[in-house]
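Everything below concerns the one structure shown next.
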Amino acid sequence: MTSSYETIGKPVGRAEGPAKVTGQAIYPADVNLPGILVGKCLRSPFPYAKIVSINQDSLAEARKVPGVHAVLTADDIPPHLVGRMLRDMPILARDVVRFAGQKVVAVAAEDDDIAEEALNLIQIEYEELEPILDPVAAIRPGATTLHPEFSGYVGTAGGAQDHPNMAGHGVWSRGDVEKGFAEADYVFEHTFKTNHQHQAYIEPHASVVFLDTTGRVQAWVNSKMPFQVRQQLSEGIDMSTGQIRVNPITIGGDFGGKGGFMDSHLGFWLSKTTGRPVRMVMTYIEELMAGNPRHPAVMTFKTGVKKDGTFTARQANLVYDSGGYAAFKPQRGVSYGARCLGPYKIPHGHIDSYVVYTNQVPCGSMRAPGDPQSIFAAEAQIDLIARELGMDPADLRRKNLVQDGDESPLGHRWQNIMGLRTLEAAIKESGYDAAKPQNPGKLTGRGMAICERHVGAGSSTAKITVDSDGLVTLYTALPDTGSGFYTVLRQILGQELGVAYDEIKMVNWSTDDVDFETGVGGSRVTHVAGQAVYRTAQELRQKMVTMAADMFGWPEDETGFSHGQVTAPGKTSVSLGDLVARSGGLMESENTYDSERDEDITVFCVQIAEVEVDEETGQISLTKFTSAHDVGTILNPLGHQGQIDGAVMQGIGYALTEDLQYDEGHVTTLSMGEYKIPSMPDMPELRTVLVQSESGGPSPYGGKAIGEQGISSVAPAIVNAILDATGVSMTEIPVSSEKLFRAMAGRRRGSE
């Protein structure tokens with residue numbers, strides 16, 4: 001029963017694209033309910049301070065401003081702490097502020113200008129405290145305890161804290177690292193550092209919340225996980241999840257950063273106070289000072305190696321800077337850094353990963369959370385080791401890469417291991433072994449890096465209907481984050497029913513319409529939601545085949561679908577609508593797909609960068625970049641390549657330009673003109689290599705994940721190319737021309 005209308009594997013454009021470019025797509029900032037008010041916040045100017053008092057006369061003056069409907073402080077709302085998993089953040093600061101930008105007072109007003117006028121009247125007396133801005137300093141003996149009530153927080157991983165400023169500690173171990181170091185001829189130790197990276201989505205965090213006349217909460221939140229937001233709201237507003245409806249909404253970009261609640265609790269309390277809906281939209285200044293960017297990290301790697309390059313042991317100590325709160329972390333325990341031993345044969349390994357409180361901006365998830373930091377350090381150290389051993393970095397990797405039959409450094413037995421094949425394909429396509437260009441005043445270098453990442457899992461429900469007009473409708477509770485999966489899901493459905501993907505109607509469920517949906521993220525959607533759609537389509541397809549066979553006497557095993565028709569050899573085709581009309585007017589199927597992550601399946605990525613460095617200025621030019629991926633069936637080549645291009649671009653920014661800069665705990669890069677994401681002139685010649693895996697992956701038709709693994713090896717490939725060009729080891733990213741110039745000058749002075 002194959003379909004002659006093939007949609008899988010076609011490079012088709014976005015089915016949802018026309019609604020976005022014509023302005024029909026609805027974002028939270030577009031929700032315009034009758035009587036809607038604007039919510040704004042007064043934020044702390046200090047990274048760490050006691051709130052001595054909020055002047056009551058100034059609050060009264062703010063409330064008198066025409067058009068102001070509410071002014072709230074922490075005294076006006078319950079003392080709940082909120083968070084995605086670890087509930088450690090107050091809705092409004094009560095006694096202390098723990099980062100510059102924390103919300104202290106909230107206003108609801110007729111418009112932005114009135115709200116700002118009221119906020120400007122409010123006077124707060126603070127007692128400044130000495131902030132902790134270094135995560136390593138935060139866990140030294142005697143460091144000030146930033147969260148003395150930590151043991152009472154809901155959502156901790158349990159157990160005693162190793163240090164009062166540790167929000168969590170994760171451990172992965174195999175073998176005996178001390179034995180492995182004893183077996184080594186050399187032991188190398190290096191420390192690496194990464195800084196904040198903001199997700200830089202076009203649309204900032206936004207929400208509309210309304211306590212309606214029936215006593216139910218209606219919420220429109222640009223979060224990719226509406227069911228989790230419903231739970232988080234419930235925990236902070238004293239209402240059950242059954243009293244809260246999170247409505248479907250379009251999201252203007254995510255990249256991991258929109259998985260939580262942000263201002264939705266505060267919107268509720270403002271709405272309850274005023275009796276009107278409240279819209280809260282962060283400015284980009286607020287995004288950069290108080291969003292939830294990628295965690296900075298300080299990472300020390302110790303690796304034992306034999307003279308021939310064989311790895312014997314690796315120990316990693318990873319310290320992730322959580323900022324003032326851990327409320328935006330998506331996990332109860334620490335999950336960051338588990339892949340930092342790499343896809344190598346390392347018999348003895350040990351990882352300690354810490355999430356640590358400081359007085360910087362609270363951090364959350366960004367594409368492949370925890371991996372770009374730790375894989376940068378892991379892969380950069382391999383090139384430093386190769387240089388000391390006098391080996392080509394490619395040969396050192398070849399020697400140690402896991403192959404079929406080998407266990408990963410944490411004991412996983414991956415299926416159909418594609419690391420070596422992907423490496424060789426990248427080397428060939430990039431011209432890695434060819435002579436380097438020689439340009440006057442320029443130093444040319446090539447560098448590589450390898451990573452692997454799992455295919456995500458979770459739960460997703462899909463419903464499909466076909467009406468008597470032949471209209472096929474797909475129902476899902478997944479919010480549209482802009483990554484293209486609405487198109488892919490329709491391609492899967494179109495493939496099974498022989499319907500053009502862009503003629504399939506998509507309906508978005510609210511949290512009232514289905515029991516649960518894991519949501520977007522973790523490289524799960526094409527697998528989990530794809531399987532939900534595929535299995536539902538298969539079920540509906542079988543119903544229609546059986547009906548056609550019974551109705552017309554067709555052989556069931558020869559009945560199929562093509563271009564919206566039910567067909568059989570030698571028979572007159574019948575449209576889907578006609579068949580459904582004969583059945584009573586509507587046919588439907590609904591299925592839920594649940595899966596646990598399969599640790600035996602992983603996906604490899606190899607990146608090779610070529611750079612030119614100006615000898616006089618340290619200016620870095622990324623001239624060529626090769627991105628090789630282990631893939632299964634590619635459902636939409638256009639979308640697949642878009643994911644690769646986007647990951648590479650974000651990785652380039654991480655390596656070379658993007659940095660939230662601080663001055664004594666205050667973010668100073670408060671515009672996108674100062675926080676420099678790469679633009680098209682920064683994009684090098686990009687060569688993509690797709691290495692087909694025989695076994696495929698768990699997604700429909702054997703697809704594998706592509707959304708996250710492409711970012712993690714970009715920065716180390718670039719830094720390794722800089723090392724190859726200049727001989728200078730850059731252990732902190734981003735690598736600006738100024739940093740490299742100073743390092744090159746220092747190296748020249750040292751050689752003299």
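The values are calculated or read from the model by the stated rules, or taken from the named source; none is laboratory data. What you see is a predicted model, and the numbers here were worked out from it, not measured in a lab. Positions of Cβ are generated from backbone atoms using ideal geometry, with glycine treated the same way; all protein chains shown enter the neighbour counts.
Data table
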{"quantity": "Looking only at the range 453-498, and only at residues there that are of a type in the set (Asp, Glu) and crowded, with 22+ Cβ neighbours inside 10 Å, the one that is farthest from Ser523 (Cα to Cα)", "calculated": "Glu496"}
{"quantity": "Qualifying residue in the range 325-333 (condition: outside the structural domain of Met262 (by TED's automatic domain parsing), small (Gly, Ala, Ser) and outside any loop (DSSP other than H, G, I, E, B))", "calculated": "no"}
{"quantity": "Residue match in the range 701-721 (condition: surrounded by fewer than 21 Cβ atoms within 10 Å (Cβ to Cβ), of a type outside the set (Gly, Ala, Ser) and not in a loop (DSSP other than H, G, I, E, B))", "calculated": "yes"}
{"quantity": "Residue that is surrounded by the fewest Cβ atoms within 10 Å (Cβ to Cβ), among those in the range 81-128 that are closer than 25 Å to Val68 by Cα and of a type in the set (Lys, Arg)", "calculated": "Arg94"}
{"quantity": "Residue within the range 628-637 that is among the aliphatic types (A, V, I, L, M), in contact (Cβ under 8 Å) with a residue 60 or more places away in the chain, closer than 30 Å to Gly13 by Cβ and touching a Pro at 6+ places or on another chain (Cβ under 7 Å) present", "calculated": "no"}
{"quantity": "Residue check, Gly215 assigned to a loop (DSSP other than H, G, I, E, B) and either of a type in the set (Lys, Arg) or not assigned by TED's automatic domain parsing to the domain that holds Ala368 (or both)", "calculated": "yes"}
{"quantity": "Residue that is surrounded by the most Cβ atoms within 10 Å (Cβ to Cβ) [pool: residues in the range 679-697 that are in a loop (DSSP other than H, G, I, E, B) and at pLDDT below 95]", "calculated": "Gly697"}
{"quantity": "Hits in the range 22-66 - residues which are among the charged types (D, E, K, R), surrounded by fewer than 21 Cβ atoms within 10 Å (Cβ to Cβ) and not in a helix (DSSP H, G or I)", "calculated": "Arg43, Lys50"}
{"quantity": "In the range 505-525, residue nearest to Glu452 (Cα to Cα) [restricted to those that are among the aliphatic types (A, V, I, L, M) and buried (at least 22 other Cβ atoms within 10 Å of the Cβ)]", "calculated": "Val525"}
{"quantity": "When residues of the range 270-305 are limited to those that are surrounded by fewer than 23 Cβ atoms within 10 Å (Cβ to Cβ) and among the hydroxyl-bearing types (Ser, Thr, Tyr), the one farthest from His190 (Cα to Cα)", "calculated": "Thr274"}
{"quantity": "Qualifying residues in the range 145-182 (those that are under 29 Å from the mean Cα position of the chain (by Cα), assigned to a loop (DSSP other than H, G, I, E, B) and of a type in the set (S, T, N, Q)) - the one surrounded by the fewest Cβ atoms within 10 Å (Cβ to Cβ)", "calculated": "Gln161"}
{"quantity": "Leading residue by the ranking (surrounded by the most Cβ atoms within 10 Å (Cβ to Cβ)) among those in the range 579-636 that are under 30 Å from Gly553 (Cα atoms) and of a type in the set (Gly, Ala, Ser)", "calculated": "Ser589"}
{"quantity": "Residue match in the range 413-426 (condition: exposed (fewer than 15 other Cβ atoms within 10 Å of the Cβ) and assigned to a loop (DSSP other than H, G, I, E, B))", "calculated": "yes"}
{"quantity": "Qualifying positions in the range 503-521 - under 12 Å from Glu16 (Cα atoms) and touching a helix residue (DSSP H, G or I) at 6+ places or on another chain (Cβ under 7 Å)", "calculated": "Ile504, Met506"}
{"quantity": "Any hit, the range 232-255, residues being crowded, with 21+ Cβ neighbours inside 10 Å and at positive phi", "calculated": "yes"}
{"quantity": "Residue check, Val361 on the phi < 0 side of the Ramachandran plot, outside any loop (DSSP other than H, G, I, E, B) and touching a residue at least 24 places away in the same chain (Cβ under 8 Å)", "calculated": "no"}
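Condition check ((1) assigned to a helix (DSSP H, G or I); (2) closer than 21 Å to Met89 by Cα; (3) of a type in the set (S, T, N, Q); (4) touching a helix residue (DSSP H, G or I) at 6+ places or on another chain (Cβ under 9 Å)) across all residues:
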site	(1), (2), (3), (4)
Val209	no, yes, no, yes
Gly256	no, yes, no, no
Phe268	yes, yes, no, yes
Arg276	no, no, no, yes
Lys307	no, no, no, yes
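Conditions tested, residue by residue: (1) basic (Lys, Arg); (2) assigned by TED's automatic domain parsing to the domain that holds Gly746; (3) over 19 Å from Glu708 (Cβ atoms).
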{"residue": "Ser583", "(1), (2), (3)": "no, no, yes"}
{"residue": "Leu586", "(1), (2), (3)": "no, no, yes"}
{"residue": "Val603", "(1), (2), (3)": "no, yes, no"}
{"residue": "Val606", "(1), (2), (3)": "no, yes, no"}
{"residue": "Glu616", "(1), (2), (3)": "no, yes, yes"}
{"residue": "Thr623", "(1), (2), (3)": "no, yes, yes"}
{"residue": "Gly646", "(1), (2), (3)": "no, yes, no"}
{"residue": "Gln650", "(1), (2), (3)": "no, yes, no"}
